[in-house]
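Step one of this worksheet: look at the structure below.
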Amino acid sequence: MADAAKKAEQKKTGKMKTWFKGLKTEWGKIIWTDNKTLGRQTAAVIIISAIVTGLITLVDNLGLQIMELIIK
């Protein structure tokens, strides 16, 4: 019985080692962007988010004004 438990533990440990080895291999395949590109992309996301927020606010306020005119 102890041998079966020991073999199961070794099999589990082997699977974990294989998983971590695969993880290390995949981590090495990642291509990291340089700081300049990262900064430009971050700025673009912030600017586009601000524009979309402004457009949504504008449409919401316009819809609110139209509803108030209809209700009165």
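Numbers below:
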{"item": "Flag if Gly14 is exposed (fewer than 10 other Cβ atoms within 10 Å of the Cβ), of a type in the set (Gly, Ala, Ser) and at pLDDT below 95", "result": "no"}
{"item": "Residue count, the stretch 19-50 (criterion: at pLDDT below 90 and of a type in the set (S, T, N, Q))", "result": "0"}
{"item": "Condition broken by Lys36, with the remaining ones in (1) assigned to a helix (DSSP H, G or I); (2) surrounded by 10 or more Cβ atoms within 10 Å (Cβ to Cβ) satisfied", "result": "(2)"}
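The values are calculated or read from the model by the stated rules, or taken from the named source; none is laboratory data. Quantities reported herein were computed from a predicted structural model and do not represent experimental measurements. Here Cβ is always computed from backbone atoms with ideal geometry, including for glycine, and neighbour counts include all displayed protein chains.
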